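Here's the structure, in structure tokens; my notes come after.
The values are calculated or read from the model by the stated rules, or taken from the named source; none is laboratory data. The structure presented is a predicted model; accordingly, all values stated were derived computationally and were not measured. Here the Cβ is made from the backbone with ideal geometry for all residues, glycine too, and neighbour counts use every protein chain on show.
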Amino acid sequence: MRNKHLIQIYPAYFDVKRSRRTGRRVPKSIAVQRPMLEELKIIADVLKLDYEVDTEAKHPASWWDEYPGRLVVKQVDQADQKVEKAKLVVKFAKYLVAVKKKKKEKEDLKERQQHHAKGQQSHKKYQKPAKR
């Protein structure tokens, strides 16, 4: 029997490539590409939610999906307020956009640093040897 005090959150809810029929629950304007369970765990920690991770579960509408997992969140938060699933999913989506943006910025910075270091090495080949 299903526990009515638990909210299940799948990464599929936030995937921009999915249709509403195959599991997306947020508007495309706040959906992201390839949402991952690890990112959802980060957001749940930021929101200070009481949750469990089920790494084997798959969204029922896409059981063949290569990105399994779900968060099982208690419906009551620290202030003993009942949390609505729809509002919680939208809140997750907004944080997920920020997490993805920050992750992309870090990757871009790392790539620029590697490119810069590679350029420095190639310039050393063409420098004249020092005179003695």
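Take GLU52 and tell me if it is without any contact (Cβ under 8 Å) to a residue 60 or more places away in the chain and assigned to a strand (DSSP E or B). Give the derivation first.
Numbers: without any contact (Cβ under 8 Å) to a residue 60 or more places away in the chain: yes; assigned to a strand (DSSP E or B): yes.
The answer is yes for GLU52.
For the range 45-76, which positions are hydrophobic (A, V, I, L, M, F, W, C) and more than 12 Å from VAL99 (Cα to Cα)? First the steps, then the outcome.
So the first thing to find is which residues in the range 45-76 are hydrophobic (A, V, I, L, M, F, W, C), and the list is 46-47, 49, 53, 57, 61, 63-64, 71-73, 76.
LEU47, LEU49, VAL53, ALA57, ALA61, TRP63, TRP64, LEU71, VAL72, VAL73, VAL76 - these are the residues of the range 45-76 that are hydrophobic (A, V, I, L, M, F, W, C) and more than 12 Å from VAL99 (Cα to Cα).
Considering only the range 14-29, state which residues are out of contact with any Phe, Trp or Tyr (no Cβ under 8 Å at 6 or more places or on another chain) and either among the aromatic types (Phe, Trp, Tyr) or surrounded by fewer than 19 Cβ atoms within 10 Å (Cβ to Cβ) (or both).
Taking the range 14-29 and keeping what is out of contact with any Phe, Trp or Tyr (no Cβ under 8 Å at 6 or more places or on another chain), we get 15-22, 27-29.
Answer for the range 14-29, where residues must be out of contact with any Phe, Trp or Tyr (no Cβ under 8 Å at 6 or more places or on another chain) and either among the aromatic types (Phe, Trp, Tyr) or surrounded by fewer than 19 Cβ atoms within 10 Å (Cβ to Cβ) (or both): VAL16, LYS17, SER19, ARG20, ARG21, THR22, PRO27, LYS28, SER29.
Let's see how each residue does on (1) modelled with pLDDT of 90 or more; (2) surrounded by fewer than 17 Cβ atoms within 10 Å (Cβ to Cβ):
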{"residue": "PRO11", "(1), (2)": "yes, no"}
{"residue": "LEU37", "(1), (2)": "yes, no"}
{"residue": "HIS59", "(1), (2)": "no, no"}
{"residue": "ALA79", "(1), (2)": "no, yes"}
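Give me the residue from the range 1-30 that is hydroxyl-bearing (Ser, Thr, Tyr) and part of a helix (DSSP H, G or I) and, out of that set, farthest from LEU88 (Cα to Cα). Spell out the reasoning first.
Step one: of the range 1-30, the residues hydroxyl-bearing (Ser, Thr, Tyr) are 10, 13, 19, 22, 29.
Still in the list and also part of a helix (DSSP H, G or I): 13, 29.
Working: TYR13: 11, SER29: 17 Å.
Of everything passing the filter in the range 1-30, SER29 is farthest from LEU88 (Cα to Cα).
Go through the range 39-49 residue by residue and tally those that are part of a helix (DSSP H, G or I) and buried (at least 18 other Cβ atoms within 10 Å of the Cβ). First the steps, then the outcome.
Taking the range 39-49 as the starting set, the residues that turn out to be part of a helix (DSSP H, G or I) are 39-46.
Still in the running and buried (at least 18 other Cβ atoms within 10 Å of the Cβ): 39-40, 43-44.
Result for the range 39-49: 4.
Answer yes or no as to whether ILE7 is at pLDDT 90 or above, within 13 Å of the chain's Cα centre (by Cα) and not aromatic (Phe, Trp, Tyr).
No, not satisfied.
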